[in-house]
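Working notes, structure below.
The values are calculated or read from the model by the stated rules, or taken from the named source; none is laboratory data. A quick note: this is a predicted structure, and the numbers were derived from the prediction, not measured. Here the Cβ positions follow ideal geometry from the backbone for every residue, glycine too, while neighbour counts run over all protein chains shown. Note: areas computed on protein heavy atoms with side chains; ligands, DNA, RNA excluded. Shrake-Rupley method; radii C 1.70, N 1.55, O 1.52, S 1.80 Å.
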Amino acid sequence: MENKNSVVYQIYVKSFCDSNGDGIGDLNGIRSKLPYIKSLGVDYIWVTPFYPSPMFDNGYDVADYCAVNPMFGTMADCEAMIAEADALGMGFMFDMVFNHTSWNHEWFKKALTGDPEYMDYYIFRDGVNGGPPLDWTASFGTPAWEYVPALDKWYLHLFDKSQPDLNWENPKVREALKNVIRFWKGKGVKGFRFDVLNLISKPARLEDCGPGSGTSYCKDGHRIHEFIREMVTETGIENMITVGEMASTTLENCVKYSHPESRELAMCFNFHHLKVDYKNGDKWALMEPDLARLRQLFQEWQETMSQRGGWCAVFWCNHDQPRVVSRFGDEGAYWKQSAKMLGTFIHLLRGTPYIYQGEELGMTNAHYTSIEQYNDVESVNYYKILLERGVSEADALEVLRQRSRDNARTPMQWSAKPGVGFTDGKPWLESPDNYQSINVEAEEQDPDSILNYYRKLAKLRKDYPVIADGGIRFLDAGNGKVFAYERSLGGQRLTVVCNFSGDAETVALDSDLSAGRVLISNGGENLLDRLASSRLTLNPFEAFAILT
Ligand code: TEU
Ligand code: CA
């Protein structure tokens, strides 16, 4: 990838902006907001799938990779959107869902007729003792093998049963997917996000696998680096911005996925830092975030990637994760402070920062009170599973309130108008009541808003090469709730200090910063004077960055 000072904005197409009043976001809605996105100072826009789909997984079940779902617009709308972003100096990254298709895809429909050529596009196996080939569970809580009576065969789906996994061992599949990349490259797309890419290389001998999570047997498979390198080099995208979503991957693999000499990807998403509030590693068991573990993970990944020449996508939010201010910050007295602190921490790290739509406003979780308000297949499945495990309805709703992917999918809050400025119709998903105060219109008027703070963060990455090109070292601030790191390039140092606690915390910094220049701070008064003493007391959720 040509430059390390890029910033990416992620759009969840269904929830960003509705241009035709049907309550569903669309491509013309995105196009109408490109000047706003440009005003954030971002370089690329990752847009989630808008291809033909039955929408069981809101578009991550693709029925045609090279077309536009009429629900979201036309190919002409898509081309106009790409052209307008280009004219504004921004590039689109399209989302490639290559681990699986929808069961509505023509390839799978042909497979279901028993056509052996197309059955080999997927992973069909004979059953064992009248049951599935393997006792695997899928990511959304169901069994991972589905029986087809007409064929007397089972097919693998690591996600919903409507999302049959593709067989990447089949060169015809690999070639067909390379043609998808070539098609969108030809349309002027400037980069790609690859959905659960590290799951595409399945075990050589499936029958030797034991029971359990299907993903756990398929992640970082034995041909994964070969497949990625082939896909990237044969479509000429190795110098584009590309990012692989890597489910449950390892640091070692991410160094390899993202190292320039690998000729694989520009960077990866990993999720270890977003599991520090999973009790016993279970997303659906609540626990307070383990801040010590969070800091340790960032230190380990950031310092190792820096030393080994890999490159991380750095982020808190996406369309699958709860809103970070509700998760690691504060929705109450310290809402603004904590949202700014969380943004400061991510944006000054080594790597490419991603802003998820609404994160720049401090948008919060949805706070739904009934299961009827939820849409996400994963959330609806796990609500049933929790009740079957004997969890009460109230407790199951509390789990969803904190963990559901719908928390990220409430409509983008543009204004305090009904429909939150997202639609003139009835939105497909309800908004939290706080849209009255948390919205673009209100925050544009407030120089001290989270929105304007995020604009400053993005600009710092353009103005100070130490952020994009510098090394990184985590500092021991002598307080587990305060995360501090130092960026360095040549003789320049940037010290970043973030208090992840809602209480005042005292730290001991090992260098005198009082003569430095404050590049950004979320509010502590007379900071440099306070830094003159060796022990500094930070306000709740205080954050700053000082150049020396
Ligand atoms: O997500 C992969 C994945 O594992 C997600 O389900 C997410 O990590 C998990 O829900 C967190 O608990 C990708 C897409 O981002 C997601 O929207 C799709 O549902 C999934 O793949 C299948 O395509
Ligand atoms: Ca619409």
Expected single match for open to solvent by less than 10 Å² (accessible area, probe 1.4 Å), more than 25 Å from Leu457 (Cβ to Cβ) and in a helix (DSSP H, G or I) among Gly29, Gly23 is Gly29
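Within region 128-140, is there a residue that is within 22 Å of Asn179 (Cα to Cα) and in contact (Cβ under 8 Å) with a residue 60 or more places away in the chain? Outline the logic, then answer.
Applying the first criterion (within 22 Å of Asn179 (Cα to Cα)) to region 128-140 yields none.
No, region 128-140 contains no residue that is within 22 Å of Asn179 (Cα to Cα) and in contact (Cβ under 8 Å) with a residue 60 or more places away in the chain.
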Looking at this structure, is Met246 touching a residue at least 60 places away in the same chain (Cβ under 8 Å), surrounded by 20 or more Cβ atoms within 10 Å (Cβ to Cβ) and out of contact with any His (no Cβ under 6 Å at 6 or more places or on another chain)?
no
Can you say whether Pro70 is over 24 Å from Gly351 (Cβ atoms), surrounded by fewer than 16 Cβ atoms within 10 Å (Cβ to Cβ) and within 16 Å of ligand 1 (Cβ to nearest atom), as far as the supplied structure shows? no
Counting only residues in region 201-222 that are open to solvent by less than 20 Å² (accessible area, probe 1.4 Å) and more than 12 Å from ligand 1 (Cβ to nearest atom), the one farthest from Asp61 (Cα to Cα) is identified as Leu206
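Looking only at region 1-20, filter to residues that are part of a loop (DSSP other than H, G, I, E, B) and of a type in the set (A, V, I, L, M, F, W, C); which one of those is nearest to ligand 2 (Cβ to nearest atom)? Full working, then the answer.
Keep residues of region 1-20 that are part of a loop (DSSP other than H, G, I, E, B), which gives 1-7, 12, 16-20.
In the following step, the residues that additionally are of a type in the set (A, V, I, L, M, F, W, C) were identified as 1, 7, 16-17.
Values: Met1: 33, Val7: 27, Phe16: 10, Cys17: 8 Å.
Here the residue is Cys17.
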Expected single match for among the basic types (Lys, Arg) and closer than 29 Å to Phe541 by Cβ among Arg263, Arg308, Arg293 is Arg293
Going through region 418-428 in order, the residues found to be within 16 Å of ligand 2 (Cβ to nearest atom) and part of a helix (DSSP H, G or I) are Gly419, Val420, Gly421
Within region 1-28, residues away from ligand 1 (no atom under 16 Å from the Cβ), in contact (Cβ under 8 Å) with a residue 60 or more places away in the chain and among the small types (Gly, Ala, Ser) come out as Ser6, Gly21, Gly23
Given (1) crowded, with 17+ Cβ neighbours inside 10 Å; (2) of a type outside the set (Asp, Glu); (3) more than 25 Å from the chain's Cα centre (by Cα), Ala87 misses just (1)
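I'd like to know if region 45-67 contains one or more residues that are hydrophobic (A, V, I, L, M, F, W, C), within 16 Å of ligand 2 (Cβ to nearest atom) and open to solvent by 10 Å² or more (accessible area, probe 1.4 Å).
The initial filter retains those residues of region 45-67 that are hydrophobic (A, V, I, L, M, F, W, C), namely 45-47, 50, 55-56, 62-63, 66-67.
Within this subset, residues satisfying the condition of being within 16 Å of ligand 2 (Cβ to nearest atom) are 47, 50, 55.
After this cut, where a residue has to be open to solvent by 10 Å² or more (accessible area, probe 1.4 Å) as well, the list is 55.
Yes, some residue in region 45-67 is hydrophobic (A, V, I, L, M, F, W, C), within 16 Å of ligand 2 (Cβ to nearest atom) and open to solvent by 10 Å² or more (accessible area, probe 1.4 Å).
Only residues that are touching a Pro at 6+ places or on another chain (Cβ under 7 Å) and closer than 16 Å to Gly210 by Cβ: list them for region 137-155, please. Step through it out loud before you land on a result.
Residues of region 137-155 that are touching a Pro at 6+ places or on another chain (Cβ under 7 Å), as a first pass: 137, 143, 145, 154-155.
Passing the criteria: Thr137, Pro143, Trp145.
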Among helices (runs of 4 or more DSSP H) entirely within region 429-548, at least 1 residues that are touching a residue at least 60 places away in the same chain (Cβ under 8 Å) occur in 440-444, 450-463, 465-469
If I filter region 326-334 for residues that are free of Cβ contacts under 8 Å to residues at least 24 places away in the same chain, out of contact with any strand residue (DSSP E or B) (no Cβ under 9 Å at 6 or more places or on another chain) and either among the charged types (D, E, K, R) or within 21 Å of Leu457 (Cα to Cα) (or both), do I get at least one hit?
no
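Within region 259-283, can you find the residues that are closer than 30 Å to Arg229 by Cβ, over 17 Å from the mean Cα position of the chain (by Cα) and not in a loop (DSSP other than H, G, I, E, B)? I'd like the intermediate steps shown before the answer.
Initial filter on region 259-283 (closer than 30 Å to Arg229 by Cβ): 259-275.
So of that shortlist, the ones also over 17 Å from the mean Cα position of the chain (by Cα) come out as 259-264.
Passing the criteria: Pro260, Glu261, Ser262.
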Regarding region 399-409, can at least one residue be identified that is over 22 Å from Gln10 (Cα atoms) and open to solvent by 30 Å² or more (accessible area, probe 1.4 Å)? yes
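Restricting attention to region 284-293, and to residues there that are assigned to a loop (DSSP other than H, G, I, E, B) and open to solvent by 30 Å² or more (accessible area, probe 1.4 Å), which single residue is nearest to ligand 2 (Cβ to nearest atom)?
Taking region 284-293 and keeping what is assigned to a loop (DSSP other than H, G, I, E, B), we get 284-285, 287-290.
Filter once more, keeping what is open to solvent by 30 Å² or more (accessible area, probe 1.4 Å): 287-290.
Working: Met287: 39, Glu288: 39, Pro289: 36, Asp290: 41 Å.
Checking each candidate, the answer is Pro289.
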When restricted to Gln296, Gln307, Gln337, the only residue open to solvent by 10 Å² or more (accessible area, probe 1.4 Å), more than 22 Å from Phe422 (Cβ to Cβ) and touching a Gly at 6+ places or on another chain (Cβ under 8 Å) is Gln337
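Looking only at region 48-66, how many residues end up being closer than 17 Å to Phe192 by Cβ and away from ligand 1 (no atom under 13 Å from the Cβ)? Can you show your working first?
First pass over region 48-66, keeping only residues closer than 17 Å to Phe192 by Cβ: 48-51, 59-60, 62, 65-66.
With the extra rule that they be away from ligand 1 (no atom under 13 Å from the Cβ), the set shrinks to 50, 65-66.
Total satisfying the criteria: 3.
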